Amino acid sequence: MTESPRIVTEETVLSFARGHRLQHDRVRDVWIVQAPEKAFVIEGAAPHILRLLDGKRSVGEIIQQLAIEFSAPREVIAKDVLALLSELTEKNVLHT
């Protein structure tokens, strides 16, 4: 099976699409993405990554910040961040 092409690069600047937002559900202590007429839970590092999307910083700048913050190899962080953001962009949760 071949990997689908990445639609997000390190030069991409992303923000949430209209009607979508990140929200912490304090009752259940989970992070959710609110979307028109739906919501879905996000887990792991995803909430932390998504909180960094401000429509100003590039994905590469966010990757660099995460690599420093977590003392992790940049290439490992980049692979995971690009995969997550590409998937959410394909689902129209994020846009450039």
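Could you compute the FRET efficiency for Lys79 and Arg51, with r as their C-beta to C-beta distance and R0 at 25 Å, rounded to 0.05?
Once the sixth-power term is evaluated, E becomes 0.80.
Please label the shape of segment 39-82 as rounded, prolate or oblate, based on the square roots a ≥ b ≥ c of the eigenvalues of the alpha-carbon gyration tensor (a/c under 1.5 means rounded; beyond that, a/b larger than b/c means prolate, else oblate).
Since a/c reaches 1.5 but b/c is at least a/b, the shape of segment 39-82 is classed as oblate.
Summing Lys, Arg as +1 and Asp, Glu as -1, what charge do residues with Cβ under 14 Å from the Cβ of Ile77 carry, Ile77 excluded?
The answer is -3.
Excluding same-chain residues fewer than 8 positions from Lys38, which lysines have a Cα within less than 24 Å of its Cα?
Lys91
Can you give me the distance in nm between label points at Val30 and Ala72, each placed 7 Å from the Cα along the Cα-to-Cβ direction?
With each label placed 7 Å out from Cα toward Cβ, I get 2.2 nm.
Report the GluC sites (Glu not before Pro) located in segment 11-96 that are in a DSSP loop and have at most 16 other Cβ atoms inside 10 Å of their Cβ, or state none.
Answer in residue order: Glu11, Glu37, Glu43.
Report, please, the projected area of segment 15-91 averaged over directions, based on the convex hull of its C-alpha atoms, in nm².
5.4
Where in segment 1-93 are there chymotrypsin sites (Phe, Trp or Tyr not before Pro) that are in a DSSP coil and have at most 13 other Cβ atoms within 10 angstrom of their Cβ?
Qualifying residues, ordered by number: Phe70.
Quick note: the coordinates plus some simple rules give every number you see, no bench work behind them. Just so it is clear, the structure is predicted and the values come from calculations on it, not from any experiment. A quick note on method: Cβ atoms are made from the backbone with ideal geometry, for glycine too, and the neighbour counts reach across all protein chains shown.
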